[in-house]
Each structure stands twice: as structure tokens, then as C-alpha cells.
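Handing you a structure now.
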Amino acid sequence: MVQKGFKMKLPLAYYGNPILRKKCQDVEEITEEIRQLVSDMAETVAEQNGIGLAAPQVKSNLRIFITKVPLPSKDDPDQLEEGKIKVYINAKLTDPSPESWERDEGCLSIPKIYVPVVRPYRIKVEAMDLKGKVFTEELEGLEARVVMHENDHVNGVLMIDRIENKLRKEIEKDLRKIKKRLGHM
Ligand SMILES: [Zn+2]
């Protein structure tokens with residue numbers, strides 16, 4: 001029995017687990033289970049010091065992801081404030097900007113691997129929140145990047161699919177090790 005409102009850290013799915021390669025399904029209705037899942041995902045991302053987490057990473061095949069991106073403080077733009085949890089359900093990404101940028105990405109499901117990924121600088125997002133309300137926003141920079149990384153997850157796509165072949169070959173051995181050690185989890 002799980003007590004209502006009790007937050008639980010969830011076990012992660014690691015590279016090699018087939019759930020990370022499946023296309024997730026739309027959420028039809030915000031139920032108590034969905035609220036619990038999102039609350040547990042928030043607990044998990046905080047515990048892991050992550051800046052984003054998608055449902056397949058905690059072995060659910062629903063189109064849900066959350067972000068927790070640190071942003072510059074309003075009082076002092078040189079300081080970063082701890083990110084607030086944002087929830088994206090059934091997200092649709094449109095209008096990627098022609099400008100793109102490259103930055104190293106990591107992934108909680110592919111521990112200790114960091115690879116440079118080129119992504120558009122800006123993106124539009126339409127998604128549903130936990131109240132079932134549809135919202136739209138335009139994101140840029142790191143926030144846009146995290147949303148694109150997480151949205152890839154609900155489509156079964158990983159950051160290592162978006163790097164050059166040469167680099168993919170270079171990290172293949174490390175990927176195989178992760179698969180062998182953690183892929184069954
Ligand atoms: Zn990831």
C-alpha cells in the first residue's frame with residue numbers, strides 16, 4: 001500500500017532497456033495515478049540532481065516529461081536559481097529556429113556519458129499541465145534544449161542518436177558496458 005501524497009524515488013531504466021526505445025502513448029485523462037507518477041518523477045529528478053526526466057526513464061510508456069532547469073536569478077542575473085519543476089504532458093514541439101547551437105548533454109539513463117548535441121536554439125511547445133489545461137510557450141537556450149532532449153525520450157530517441165557516426169563509434173564500447181551492467185534494470 002502506498003500512502004496518498006507520499007513521494008517515492010523511482011528506479012531508472014538504463015541504456016539497453018527496450019522501454020527507452022518505444023514511442024509513448026498520449027495521456028487521455030489526468031488521473032490520481034498520473035499525479036502520483038509526476039510527483040514521483042519530481043522526487044526522482046531532484047534526488048538525481050537532474051534537469052529533466054521523461055516517463056520511459058522510470059519505465060512508464062506515457063507521453064510525460066518534466067524539467068527542472070536552473071535559470072538566472074531575477075535579483076542577480078549572475079546567480080543561478082534552483083530550477084522549478086515544469087510538467088509537460090502530450091507535448092507537441094513546433095517551429096524550431098533556424099539558429100542552432102551545440103552543447104554537451106548527459107542523460108540519467110546513460111550514466112557518465114557526455115556528448116555534444118546540435119539542436120535548434122528556440123522551440124515552441126504546446127502541452128497539457130497537471131490540471132489538464134493546454135498551454136503554449138516559446139523556449140530558448142538550455143530550457144529549449146532540455147525540452148527537446150526529454151521529448152525525444154517519449155519518441156524512443158536518445159541523445160546518442162543525434163551525434164556524428166565517428167563519435168558514436170568512439171563511445172560504443174562504453175555504451176556496451178552500460179548495457180551489460182544496467183540494461184536489464
Ligand atoms: Zn535523457
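Residues in the range 60-74: is at least one at negative phi, of a type in the set (G, A, S), within 15 Å of the ligand (Cβ to nearest atom) and in contact with a Gly (Cβ under 9 Å, 6 or more places away or on another chain)? Explain how you work it out, then say what you get.
First, pick out the residues of the range 60-74 that are at negative phi: 60-74.
Imposing the further condition that a residue be of a type in the set (G, A, S) reduces the set to 60, 73.
Subsequent filtering for residues that are within 15 Å of the ligand (Cβ to nearest atom) retains 60.
Keeping just the survivors that are in contact with a Gly (Cβ under 9 Å, 6 or more places away or on another chain) gives none.
Within the range 60-74, not a single residue is at negative phi, of a type in the set (G, A, S), within 15 Å of the ligand (Cβ to nearest atom) and in contact with a Gly (Cβ under 9 Å, 6 or more places away or on another chain).
Let me ask something else. Considering every residue within the range 27-47, establish whether at least one is open to solvent by less than 50 Å² (accessible area, probe 1.4 Å), within 16 Å of the ligand (Cβ to nearest atom) and either assigned to a loop (DSSP other than H, G, I, E, B) or more than 18 Å from V146 (Cα to Cα) (or both).
Looking for residues that are open to solvent by less than 50 Å² (accessible area, probe 1.4 Å), within 16 Å of the ligand (Cβ to nearest atom) and either assigned to a loop (DSSP other than H, G, I, E, B) or more than 18 Å from V146 (Cα to Cα) (or both), one finds none in the range 27-47, hence no.
Is there any pair linking a residue in the range 107-120 that is within 13 Å of I160 (Cβ to Cβ) to one that is away from the ligand (no atom under 11 Å from the Cβ) and part of a strand (DSSP E or B), with Cβ under 8 Å and at least six apart or on different chains, and which?
What qualifies is Y114/D104; V115/D104; P116/E102; P116/R103; P116/D104; V117/E102; V117/R103; V117/D104.
Determine which member of the set K133, K92, K169, K84 is over 24 Å from V45 (Cβ atoms), away from the ligand (no atom under 16 Å from the Cβ) and without any contact (Cβ under 8 Å) to a residue 40 or more places away in the chain.
K169
Mind listing whichever residues of the range 1-26 are polar (S, T, N, Q) and either free of Cβ contacts under 8 Å to residues at least 24 places away in the same chain or in a helix (DSSP H, G or I) (or both)?
Within the range 1-26, Q3 is the sole residue that qualifies.
Select from the range 95-130 the residues that are within 16 Å of the ligand (Cβ to nearest atom), open to solvent by less than 50 Å² (accessible area, probe 1.4 Å) and assigned to a strand (DSSP E or B) and list them in ascending order.
Residues satisfying the conditions are E105, G106, C107, I110, P111, I113, V115, P116, V117, R119.
The values are calculated or read from the model by the stated rules, or taken from the named source; none is laboratory data. All values derive from a computational prediction rather than experimental measurement. Here Cβ is always computed from backbone atoms with ideal geometry, including for glycine, and neighbour counts include all displayed protein chains. For the accessible areas, the whole protein counts, side chains as well, though only heavy atoms, and no ligand, DNA or RNA atoms are used. Shrake-Rupley method; radii C 1.70, N 1.55, O 1.52, S 1.80 Å.
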